[in-house]
Amino acid sequence: MIIQMKMIMKKLALVIALSAVGSTAAWATTHAEVGDAGQTLGTAQMLAGGTTAITGSLSSDADLFGFAWGGGAFYADTLGSAFDTQLFLFNSAGAGVWANDDGLSGLRSYISDAALAVGTYYLGISSFNNDPVSASGVMFTSYPYGPQYAPLYPGETLSSWTGGYSGGSYIINFRSASGEVVQTGDVPEPASLALIGLGLAGLAFSRKRKAA
């Protein structure tokens, strides 16, 4: 009986190991904007764990996407988008964290943080000159174009946008230490659940054979 239980435990350990090896690739996913993503925290579209890209479109508005971050190096860019983009990162309260306009070739944008703390964040995309506004005014400077900027009024939260030029279709690409947006509290992806199910099925089969 003891030998049989050890064999079962080894099988389950193998299942868990296989699940961990395949988790990063299985979680990689693209979030396609549903309708029109809102430009306030309350109307932002939330991203699932493992999101590596967002696709969508905008006109003279801005789009916000929320995500739970597990901590560590964070990077996002708009390479592949069809217009002059701006990117903005806000914390869970709507206070500015980073902003960039024209930091990449073709008037595309990026956000980079080597050690973004654990928490919930909102990533905003807009066309040129459509800037987020707080109680004291426009939240970020954008000139000279190219550098990434911290907020002008730290702690002040997003209240509105200035409005800007017409946009178009966009793609926001995510990178991190694990190659994806890491969301806290994730449930196992379908591939992992299938492997665990096989392990439990094997356990049940072993018990049936013992009973027989």
Inside the stretch 49-79, the number of residues satisfying the requirement of being exposed (fewer than 14 other Cβ atoms within 10 Å of the Cβ) and among the hydrophobic types (A, V, I, L, M, F, W, C) is 1
| Has the stretch 63-73 got any residue that is of a type in the set (D, E) and over 15 Å from T162 (Cα atoms)? | no
Item to complete: State whether one or more residues within the stretch 158-166 are surrounded by fewer than 16 Cβ atoms within 10 Å (Cβ to Cβ), within 30 Å of T29 (Cβ to Cβ) and either at pLDDT 95 or above or not acidic (D, E) (or both).
Response: yes
Here the residues within the stretch 88-141 that are free of Cβ contacts under 8 Å to residues at least 24 places away in the same chain and assigned to a loop (DSSP other than H, G, I, E, B) are S136, T141
Exactly one of F205, F174, F128 is modelled with pLDDT under 95, under 24 Å from the mean Cα position of the chain (by Cα), over 30 Å from G71 (Cβ atoms) and among the aromatic types (F, W, Y), and that residue is F128
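The values are calculated or read from the model by the stated rules, or taken from the named source; none is laboratory data. What you see is a predicted model; the values in this text were computed from it and never measured. Quick reminder, even Gly has a Cβ in these numbers, built from the backbone with ideal geometry, and neighbours come from all protein chains shown.
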